[in-house]
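Below is one structure, written out as structure tokens; comments come after it.
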Amino acid sequence: MKMKIAMAGLVMVLSASLLYGQAFRNPPPGTASISQAGAFTAQADDASAVSQNPAGLVQIKGHQIIIGSDILFPETKYKSPGFSEYADSSTAYLPYFFFSTDFRGTAPVRFGLGVNVPYGQSTEWSYDAVRNWLYSVPHYSAMQTVNISPVLAYGITPELSAGAGFNIYTSKLELKYLLAPPPPPPDEMHAKVDVDGTGYGGSFGLLYKTDNISIGATYKTGFDIDYDGDYSVPGVLKEDAETAMDFPPAACLGIAVYPNRKLKIEFDAEWIGYSCMDKIPVDITVIPPYEIDKDWDDCYTFAIGTEYKKSERTILRGGIAYLTTPIPDSTLEPSMPDSDSFIITAGGEFITKIGAFNLMLGAHLYTDRKIDNGGPYDGKYGTRAYFGAVEYKKGF
């Protein structure tokens, strides 16, 4: 009997939302970037340029290390005429590390290495919410994606530099479900999907900089990850599970102006090619392979940020950004209730004899999203996320 219950719920559960935790991208690593709402492509003047624009590494003399973490506090509320619920979104810690060196030489070559978490958070809904949505979404969903990136940069002329990097991504997906019991109602059963995989990509950057203006351009290739692991119902079955996910390419152009030596104002525009997220293949040993329709759209980010050098030991930063969502109404579901949003950030760098300490605070304000597709997910979704970052930077 337990085996029949597990198999009856298998197709419905996995076809609803196999892949997603909080799958929209994480904030950019590095407080110099995130405290300016991401407007850093044309500045890129510390070791976090490994991720933001590798061409910027030519501006750094000697060695530099950056160690820090973004800290996220997300929350989502769902409301329909007959039901309302808050998602229990736990605090997310997104650590990062960057290193750069000029090899202590005179050649215009730089090497950098970065480790960060570009994708992945977690969301947990109550069992009551899952029942309201007819058991078609996980009550817990999480993604962890780590990027290791070595890069090289070269100064072509005193004003123009180029950089390129190789990205190694390791990713893990974990989803936990309630299975819908067939009549007569027995006790509900729990199921779990646990898969992981590795993917590879590249990043490229250009930087043109004079005393008064700086222009940066970057491109990050998309990458594919083939996930494999298992689908299990404790005490009943454990079967092989496979899926695959296309992560998007991204291109960014930034223009910064320097009215004087203390002030920078930068505008960045970024395209993210989420239209690669069309269909998701699913292969579980005991059922025929199938695909999940996603039909996402390309989206854009527009950011303006500023940096003001108040003194030799204090730098102040701030920014605002507007992000469009890639998810159409037709495929939006509670595991990832994304919408168009604004980001507002502020931060500072405080330089001491033992290194620089960076702090920032920000708010990610999503527009409320109402879904009316005639399905179980219909209702209004409201999401807010508050975040901060702490960082230590040292040159030597």
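Just so it is clear, none of the values below were taken in a lab; they were calculated from the coordinates. Note that this is a predicted model, so its numbers are computed, not measured. Cβ coordinates were reconstructed from backbone atoms using ideal geometry, including for glycine residues, and neighbour counts include every protein chain displayed.
Quick check: the distance between the Cα centres of region 291-342 and region 108-170, to the nearest angstrom? Computed from Cα coordinates, the inter-centre distance equals 14 Å.
Would you please put 220-233, 130-143 in order of how densely packed they are, using the mean number of other Cβ atoms within 10 angstrom per residue and starting with the highest? Let's see the in-between values first.
Values: 220-233: 18.5, 130-143: 21.5.
Going from most to least packed, we get 130-143, 220-233.
Helix 2-16 and the longest principal axis of the C-alpha atoms of the chain enclose an angle of approximately 40°. Here r is the Cβ-Cβ distance between Thr352 and Glu124 and R0 is 35 Å; the resulting FRET efficiency, rounded to 0.05, is 0.30. Each residue, Arg261 and Asp211, gets one label point 7 Å from its Cα in the Cβ direction; the gap between the two is 1.0 nm. Taking all Cα pairs closer than 8 Å and separated by 6 or more residues, the relative contact order of region 2-395 comes to 18 percent. Computed from the coordinates I sent, Rg and Dmax of the Cα atoms in Å equals one of (i) 22.6, 78; (ii) 26.3, 79; (iii) 21.6, 71. Tell me the label. Matching the structure shown: (i). A dipole drawn for the chain from +1 and -1 charges on Cβ atoms has a positive end, and of Met336, Phe387, Ile292 the residue lying farthest that way is Phe387. List the lysines whose Cα sits under 22 Å from the Cα of Lys77, skipping any in the same chain fewer than 8 residues away. Partners found: Lys176, Lys370, Lys380. Less than 19 Å apart at the alpha-carbon level, and either on another chain or at least 8 residues along: which lysines does that give for Lys264? Leaving aside lysines fewer than 8 places away in the same chain, those within reach of Lys264 are Lys209, Lys309, Lys310.
In straight-distance terms, cross-link reach from Lys294 covers every one of the aspartates and glutamates whose alpha-carbon lies under 12 Å from its own, apart from those fewer than eight places away in the same chain; here that gives Asp246, Asp278, Asp329, Glu333. Given +1 at the Cβ of Lys and Arg, -1 at the Cβ of Asp and Glu and no other charges, the dipole of region 2-395 around its Cα centre is 1720 debye to the nearest 20. Descending by average beta-carbon neighbour count within 10 Å, the peptides 152-159, 202-209, 39-46, 377-384 line up as 39-46, 202-209, 377-384, 152-159, the highest first. Here Ser90 and Thr367 are evaluated by their C-beta separation; at R0 = 30 Å the FRET efficiency comes out at 0.80.
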